[in-house]
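Heads up: the structure comes next, in structure tokens.
The values are calculated or read from the model by the stated rules, or taken from the named source; none is laboratory data. What you see is a predicted model; the values in this text were computed from it and never measured. Neighbour counts are summed over all protein chains in view; Cβ atoms, including those assigned to glycine, are modelled from backbone coordinates with ideal geometry. Accessible surface is based on the protein model in full, side chains and every heavy atom, while ligands, DNA and RNA are left aside. Shrake-Rupley method; radii C 1.70, N 1.55, O 1.52, S 1.80 Å.
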Protein chains: 2
Amino acid sequence: MTETITQSIQDYLKHIYELNENGGSASTNDIAARLNIAPASVTGMLQKLSNAKPPLVIYKKHQGVTLTKNGEKAALEVIRHHRLLESFLVNTLGYSWDEVHLEADKLEHVISEDFEARMAEALGHPTRDPHGELIPTADLTMPLDKSRPLASLRTDETATVKRVSDDDPALLRHLHEIGVIPEVKVTVKNYSEFDGNITLQVAGRKSNVVLGTVITNQVFIEK
Amino acid sequence: MTETITQSIQDYLKHIYELNENGGSASTNDIAARLNIAPASVTGMLQKLSNAKPPLVIYKKHQGVTLTKNGEKAALEVIRHHRLLESFLVNTLGYSWDEVHLEADKLEHVISEDFEARMAEALGHPTRDPHGELIPTADLTMPLDKSRPLASLRTDETATVKRVSDDDPALLRHLHEIGVIPEVKVTVKNYSEFDGNITLQVAGRKSNVVLGTVITNQVFIEK
DNA sequence: AAAGTATTTTAGTCTTGCCTAAATTTTTTG
DNA sequence: CAAAAAATTTAGGCAAGACTAAAATACTTT
């Protein structure tokens, strides 16, 4: 009997997926921090998920956790929902890109496959959401992301903004204000060895902006 | 400390509201049937809701249950969500009127007040959903419904279809096929004393249709 | 009005998903 | 490399919201 994938489980899988994207396996503590629950609760759930049939995660005590193929499919399903929803809300209901995240976090667990398909259709099967994050395909494959942090650019290099971290609405509003949004061309006019500050020229803007590493590590570009 | 209104509670309140609309107080059994749960479970929840502070229902053992003002507001909130969602899904994603119900049942508990407001705005503040059901106003008042069953019309009477019961998708598809949809003018060409059948002329249609009471009691008109 | 039937409530369980406190393991550091 | 610190797991609990079986109440019918 296949395990029922509850809302709570979807949230675990989604966050484990994202943690796996960066470093290898996701730690109990990191998961707990992201889900805002106690680490002890996470341990319990991980045990459950790894004993599910079929297992959704691979879990060895004290060594963090990785998704199985099944777990990954379930995670990508949720992520696809989330990112399509963000696009849809921006497009159809005039949400701004700093407002969509919370709403999508709730809706992603609830919409039907039909709803998902209709959104994709209505939006013309987009490949990125409003923050530039790649949308898993309908057959649940995650496209390869070739972007790297703006922080890695040096003086005189030019690139296109592809993606922006979406979890801080205030940062999103600020980036929008200075024109740093997906598909915009930017040129590094200066890189400071000391503090990592980058002086950036943004296409279509008169004056340059100086961005610290806190920001330049949250903005991703492709050359 | 105000009671948290969970999804489950919202469902109870919504169905109690609808049962209250017809006969006076809602019985344990009727609620159980609508929610597809055991009557014993309903009793437990009713006790909880009537002991909440503030109470959401008025409940006397063995005598069914009624909503308090607070309970009614909460119910109307959910119903407003549901009906706006139905309109929105039909309008924006091309759902047909027999497909929206299930989707709206899940979404109604999850959307924010902001989402609700944006939908209302985008739809031009509609007063009825695709089935013609009245949408509670933004300040949570239910407009007065003056419609009555098509079954109550007699030969040579003419009226406008206002509303159609939305819980049977097959019936909805059939009604759509024969053109019996909100705001359409109809005329009774014949009423049969024996079986209650009504022969109906639908504006814009060539041939008349004969409808039994099962149908004519689910279609509501105004003269 | 008594008997039988239908409805409702009580009592006791179960599962999910979270919690805290304490124990254990792993990692870091002097 | 041992001691301290950090991370993780175990153990025991709790609340929500469902269930079943049995008891109690209310309604119907003769």
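When A:Asn70 is tested against the conditions (1) over 27 Å from A:Ser165 (Cβ atoms); (2) more than 11 Å from DNA strand D (Cβ to nearest atom); (3) touching a strand residue (DSSP E or B) at 6+ places or on another chain (Cβ under 6 Å), the lone failure is (3). Condition test on A:Ile16, is it open to solvent by less than 40 Å² (accessible area, probe 1.4 Å) and out of contact with any Pro (no Cβ under 9 Å at 6 or more places or on another chain)? Answer is yes for this residue. Here are some conditions: (1) open to solvent by 60 Å² or more (accessible area, probe 1.4 Å); (2) more than 16 Å from the chain's Cα centre (by Cα). B:Arg34 meets all but one. Which one does it not meet? It is condition (2) that B:Arg34 fails.
The selection criterion, being within 14 Å of chain A (Cβ to nearest Cβ) and either of a type in the set (S, T, N, Q) or within 21 Å of B:Arg173 (Cα to Cα) (or both), does not hold for B:Leu123. Does the range A:141-157 contain at least one residue that is at pLDDT 95 or above, β-branched (Val, Ile, Thr) and not in a loop (DSSP other than H, G, I, E, B)? No; the residues of the range A:141-157 include none that is at pLDDT 95 or above, β-branched (Val, Ile, Thr) and not in a loop (DSSP other than H, G, I, E, B). Filtered by the rule that a residue be surrounded by 15 or more Cβ atoms within 10 Å (Cβ to Cβ), modelled with pLDDT under 95 and charged (D, E, K, R), the range B:161-192 gives B:Asp166, B:Asp168. Taken residue by residue, the range B:77-92 has no member that is more than 14 Å from chain A (Cβ to nearest Cβ) and not in a helix (DSSP H, G or I). The test for being farther than 19 Å from A:Asp105 by Cα and within 12 Å of DNA strand C (Cβ to nearest atom) holds for A:Leu46.
Scanning the range A:1-32 for residues that are near DNA strand D (Cβ under 9 Å from one of its atoms) and in a helix (DSSP H, G or I) gives A:Thr28, A:Asn29, A:Asp30, A:Ile31, A:Ala32. Tell me, which residue of the range B:52-76 that is farther than 18 Å from B:Gly24 by Cα and not in a helix (DSSP H, G or I) is nearest to the chain's Cα centre (by Cα)? Once the filter is applied, the top-ranked residue is B:Pro55. For the range B:4-13, residues that are away from DNA strand C (no atom under 14 Å from the Cβ) and open to solvent by less than 40 Å² (accessible area, probe 1.4 Å) total 3. Scanning the range A:66-100 for residues that are at pLDDT below 95 and not hydrophobic (A, V, I, L, M, F, W, C) yields A:Ser96, A:Asp98, A:Glu99. Among the residues of the range B:20-31, those identified as within 11 Å of DNA strand C (Cβ to nearest atom), buried (at least 18 other Cβ atoms within 10 Å of the Cβ) and not β-branched (Val, Ile, Thr) are B:Ala26, B:Asp30.
Among the residues making up the range B:62-94, those that are open to solvent by 10 Å² or more (accessible area, probe 1.4 Å), in contact (Cβ under 8 Å) with a residue 12 or more places away in the chain and farther than 17 Å from B:Asp114 by Cα are B:Gln63, B:Gly64, B:Thr66, B:Leu67, B:Thr68, B:Asn70, B:Glu72, B:Lys73, B:Val90, B:Asn91, B:Thr92.
One residue is enough: does the range B:195-214 have a residue meeting the conditions part of a helix (DSSP H, G or I) and of a type in the set (Asp, Glu)? Looking through the range B:195-214, none of the residues is part of a helix (DSSP H, G or I) and of a type in the set (Asp, Glu).
Taking the criterion of being surrounded by fewer than 21 Cβ atoms within 10 Å (Cβ to Cβ) and facing chain A (nearest Cβ under 7 Å), the residues of the range B:104-116 that qualify are B:Lys106, B:Val110, B:Ser112. Does the range A:93-103 hold any residues that are away from chain B (no Cβ under 11 Å) and assigned to a helix (DSSP H, G or I), and which are they? Across the range A:93-103, the qualifying residue is only A:His101. Pairs meeting the criteria (first residue in the range B:21-39 and of a type in the set (Asp, Glu), second residue more than 9 Å from DNA strand C (Cβ to nearest atom), beta carbons under 7 Å, at least 6 apart or on different chains) are B:Asp30/B:Leu19.
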